[in-house]
Amino acid sequence: MSGSPNLDEALERLPKVELHCHVEGTMRATTVAELARANGVALPVADPTELYRYDSLTGFLEVFWLVQSVLATRDDWARLGYESAVDGAAHGLAYRESFFTPARHLAAGQRLGDVVAGLDEGLAAAEAETGVVVRLILDFDRDFGARAAEEQVDALVELRRAGAPGAERVIGVGYDSTEIGQEPGWYAEAFGRAGAAGLRRTAHQGEDSGPAAIAACVDLLGAERIDHGLSILADHDVTQRFVDEQIALTVCPSSNIRIANAFPTLADHVYPEMRSRGLLATLNTDDPSLTDLDLGLEYRNVATAFGWGWDQMVDIALDGVEACWLDPAAKAALRARTEAAREALRPGSRPQVGSDALRPDGPT
Ligand SMILES: [Zn+2]
């Protein structure tokens, strides 16, 4: 789908923030194939372009786990981090807080320090090359339970205390994977330890659970953001609280269509209702490679589906800045850069060659 050519081009170049993106879900299919060959992982298809085909959440998770399984060494994580950030920057990504979910790898004997150091090495190279800035969020896989989450927090805190390579890049924790049969409160100890160590907190909730579970993430886990939060509108009081306190939702509309099958089409998604209610509902891709998506395309998809113009889309980008975990000075700089781009890139206006707004220098 496509809007006007001018709007499409401007949305692609607009400096954008992304707060809900899984680094494993950014892996190029060709990289999956190469790492699988190098690490002796059998793939179910001969042609890498056939890899990312699924028709249900179960099918999607099988592909996601397959992608995870090809990451065996520190160098593999470095390659993933590098390609992830370079590919994002190509579509106007300015700043990302990216999830990584190491439970499966740790259970298989990898060390958290190697995962973090590898990602850091690749991300640093991409930052130097493109100007994009990326921070990391360690996501607990709920399939592995609360004890594993507590162990991961302890390991991360120890890496940070020891000044291990890349540990400072990990600024928060969250949880993901299945919501069925899980209670947020089970993870209170893990999130509590993370908060006590100065780590920020977010939680995937509200895809397969109701508004009470979303509120529980705030009350029991200290979550400052909710990832997805799709069911929130079913409860007026919880919605109003999120509006009043401006607790951010990291919404991924196209992912909800492709992966969760939560709505038949993008036009049926509750994203416009979330925003019109005054929720701080940001726009994100979730697993862009696995859904044939990028952040520029997601902005174009949403603008087209809901008939939104340039200024509405820039406001969404600014909400991403508001909801991010940069320090106040870096946030202000990114906000100013976005506002400058609003005028410099405005569709229909003459391009301002050499404008500051187009420089790819992200926050520091
Ligand atoms: Zn997610």
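The values are calculated or read from the model by the stated rules, or taken from the named source; none is laboratory data. Bear in mind that the values here come from a model prediction, so they are computed numbers and not experimental data. Because the Cβ atoms are built from the backbone with ideal geometry, glycine has one as well, and the counts that use them run over all protein chains shown. The accessibility values were calculated without ligands, DNA or RNA, using every heavy atom of the protein model including side chains. Shrake-Rupley method; radii C 1.70, N 1.55, O 1.52, S 1.80 Å.
Exactly one residue among R142, R200, R135, R193 is touching a residue at least 12 places away in the same chain (Cβ under 8 Å), of a type outside the set (D, E) and within 15 Å of the ligand (Cβ to nearest atom), and that residue is R142. Of all positions in the range 35-48, none carries a residue that is surrounded by 16 or more Cβ atoms within 10 Å (Cβ to Cβ), touching a residue at least 40 places away in the same chain (Cβ under 8 Å) and within 16 Å of the ligand (Cβ to nearest atom).
Of the residues making up the range 300-339, those that are without any contact (Cβ under 8 Å) to a residue 12 or more places away in the chain and polar (S, T, N, Q) number 1. Here R275 passes the criteria (1) within 21 Å of L297 (Cβ to Cβ); (2) in a helix (DSSP H, G or I); (3) within 16 Å of the ligand (Cβ to nearest atom) except the one numbered (3). Scanning the range 8-29 for residues that are among the basic types (K, R) and either within 15 Å of the ligand (Cβ to nearest atom) or in contact with a Gly (Cβ under 7 Å, 6 or more places away or on another chain) (or both) turns up R13, K16. For the range 287-310, the criterion of being in contact with a Ser or Thr (Cβ under 7 Å, 6 or more places away or on another chain) and assigned to a strand (DSSP E or B) is satisfied by no residue at all. Regarding the range 52-71, can at least one residue be identified that is among the basic types (K, R), more than 16 Å from the ligand (Cβ to nearest atom), open to solvent by 10 Å² or more (accessible area, probe 1.4 Å) and farther than 27 Å from G92 by Cα? No, every residue in the range 52-71 fails to be among the basic types (K, R), more than 16 Å from the ligand (Cβ to nearest atom), open to solvent by 10 Å² or more (accessible area, probe 1.4 Å) and farther than 27 Å from G92 by Cα. Please enumerate the residues belonging to the range 161-206 that are of a type in the set (A, V, I, L, M, F, W, C), closer than 18 Å to W325 by Cβ and buried (at least 19 other Cβ atoms within 10 Å of the Cβ). Answer for the range 161-206, where residues must be of a type in the set (A, V, I, L, M, F, W, C), closer than 18 Å to W325 by Cβ and buried (at least 19 other Cβ atoms within 10 Å of the Cβ): A167, V170, V173, F191, A194, L199, A203. Inspection of the range 281-294 finds a residue satisfying the criterion of being farther than 24 Å from I171 by Cα and either more than 16 Å from the ligand (Cβ to nearest atom) or aromatic (F, W, Y) (or both). Out of the residues in the range 210-259 meeting the condition of being in a loop (DSSP other than H, G, I, E, B), within 14 Å of the ligand (Cβ to nearest atom) and touching an Asp or Glu at 6+ places or on another chain (Cβ under 8 Å), tell me which one is modelled with the highest pLDDT. It comes out as C252. Taken together, the residues in the range 121-132 that are without any contact (Cβ under 8 Å) to a residue 60 or more places away in the chain and either surrounded by fewer than 18 Cβ atoms within 10 Å (Cβ to Cβ) or on the phi > 0 side of the Ramachandran plot (or both) amount to 3.
The numbered conditions (1) under 30 Å from E9 (Cβ atoms); (2) within 16 Å of the ligand (Cβ to nearest atom) are all true for V270 except (2).
For the residues V115, V32, the requirement of being within 16 Å of D287 (Cα to Cα), more than 16 Å from the ligand (Cβ to nearest atom) and either touching a residue at least 60 places away in the same chain (Cβ under 8 Å) or buried (at least 21 other Cβ atoms within 10 Å of the Cβ) (or both) singles out V32. Among the candidates V218, V243, V270, the residue that is open to solvent by less than 60 Å² (accessible area, probe 1.4 Å), more than 27 Å from E24 (Cα to Cα) and either touching a strand residue (DSSP E or B) at 6+ places or on another chain (Cβ under 7 Å) or not acidic (D, E) (or both) is uniquely V243.
Would you check if there is a residue in the range 11-18 being surrounded by fewer than 22 Cβ atoms within 10 Å (Cβ to Cβ) and either in contact with a Ser or Thr (Cβ under 9 Å, 6 or more places away or on another chain) or at pLDDT below 95 (or both)? No, because not a single residue in the range 11-18 is surrounded by fewer than 22 Cβ atoms within 10 Å (Cβ to Cβ) and either in contact with a Ser or Thr (Cβ under 9 Å, 6 or more places away or on another chain) or at pLDDT below 95 (or both).
Going by the conditions given, is E97 among the acidic types (D, E), within 16 Å of the ligand (Cβ to nearest atom), open to solvent by less than 10 Å² (accessible area, probe 1.4 Å) and touching a Cys at 6+ places or on another chain (Cβ under 9 Å)? In short, yes.
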